[in-house]
1. Compute the distance in nm between two label points, each set 7 Å from the Cα along the Cα-to-Cβ direction, one at residue 327 and one at residue 257.
2. Starting from the eigenvalues of the Cα gyration tensor, five times each then square-rooted, give me the equivalent ellipsoid semi-axes of the chain, largest first, whole Å.
3. At 1.4 Å probe radius, can you tell me the per residue accessible area of the chain in Å²?
4. For an R0 of 41 angstrom, estimate the FRET efficiency from the Cβ-Cβ distance between residue 23 and residue 336 and round to the nearest 0.05.
5. Report the full-extension gain for the segment residue 264 to residue 73: residue separation times 0.36 nm, less the Cα-Cα distance, to one decimal in nm.
6. Protein chains only, probe 1.4 Å: how do 3, 263, 245 rank by accessible area, largest first?
7. For the range 1-128, what Kirkwood radius comes out of the mean inverse Cα-Cα distance, in Å?
8. Work out how much length residue 40 to residue 161 would gain on full extension: take 0.36 nm times their residue separation and subtract the Cα-Cα distance, in nm to one decimal.
Amino acid sequence: MRKPISSQTPSTLRSWLSSKEEREYRADQILHWVQRNHAANWSEMTNLTESLQSKLSGEFEFSTIKLICKQGSADTTQKFLWKLRDGQLVESVLIPASQSLYGNQSDRHTLCVSTQVGCAYGCKFCASGLNGFKRDLEPSEIIDQVLATERWHKNQTGATERIINNLVVMGMGEPLANYDKLMVALEILNADWGANIGARKITISTSGLVPEIRRLAQHSRQYRLAISLHGATDEVRDHIMPVNKKYPLGELTAAIEEYQQTKTGKITLEYVLIAQLNDSLDQAKALAKLAKRLRAKVNLIPYNHVDGLQWTRPDEHIQDAFLLALIAHGAKVTLRREKGHDIDAACGQLHLRTEKELANAPG
Ligand code: SAH
Ligand code: SF4
């Protein structure tokens, strides 16, 4: 099987070039085409000889993912469903800066990427884990979500400048359960010869894998951390997130504090508001206390309905009361009510719908 070009580095390419009796400086040209210019095929790499183009196409695969469905419009959230080489489906979400909590106000965009097919962590409210865990994504499959989205944009608009300047690792899967491959991918996405996305503009979201949060604390890059909390007490968290039985809140907060000793960026506590489950004012009070202790900002997300699950989002006045209680208790908080999440629901849901449609399709 051919190797993916997107996970090659200057040194792997240089040694391949010299084994093919080609000049090593070609590595920089190739990487520029792949990572920065978003060439769509080898023949677009006009400063390479035809013979090198043909050697490259014999050895390397241009993309490990194929777009099979896109939803949404340019001024809101757009979702991309990708088919991998083995037929599995994962998704990415492109969010304009005006709607992103993580980006700055500009014409740039945030991309939310997947790291696994399915998820083993089985949070009770989440679509990603409904069909269990299938496999980890390879570094190239994570990087290709960025490159293929950029290529798609270039194709649509003719614009040559890149649009993705923020990355949130919050798509399908538990990123820290695929730690090593994710770090390889992020190194390339962060590199100045790669996609050149600043480390502080990359946010990794986790349901709370304590040993990997500690590992991340020792990692040399300043990636940002978001914790999917969804319950401010063990009682509520145990009820909806099985991971809390393994790593209860006391252990999780200790790991976060260790992370904060080595990193400067603020962490985010993600809190999905689910009706009558975690939306009481007692939870708001406990959440505010935790957020202040961790100097974290809270991101409230009204629950997106998942077909087949019984949970619903609280009415807007309950969301507002929860928000106001957090503010009254001194927490820094945002409530995200963007449209994109309504049209097609949260990460992890597009693939479910499409899998069902493919299964029901005639022939
Ligand atoms: N596994 C990681 C990252 C992927 S989930 C994690 O759990 O953090 C990304 C975010 O989407 C998490 O905060 C998750 O709890 C949230 N989420 C999952 N299902 C949702 C739904 N139906 N509505 C709103 N947010 C949801
Ligand atoms: Fe997995 Fe995150 Fe969904 Fe939990 S919320 S099942 S960890 S993807």
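1. 3.0 nm
2. They are 37, 22, 19 Å, listed largest first.
3. About 43 Å² of surface per residue is accessible.
4. My answer for the efficiency is 0.25.
5. Stretched fully, the residue 264-residue 73 segment lengthens by 65.2 nm.
6. Ranked list, largest accessible area first: 245, 3, 263.
7. Here the Kirkwood hydrodynamic radius works out to 17.3 Å.
8. Gain on extension, residue 40 to residue 161, equals 42.1 nm.
The values are calculated or read from the model by the stated rules, or taken from the named source; none is laboratory data. Keep in mind the model is a prediction, meaning the values are calculated, not measured. Quick reminder, even Gly has a Cβ in these numbers, built from the backbone with ideal geometry, and neighbours come from all protein chains shown. To get the accessible areas, we keep the full protein, side chains included, count just its heavy atoms, and leave off ligands, DNA and RNA. Shrake-Rupley method; radii C 1.70, N 1.55, O 1.52, S 1.80 Å.
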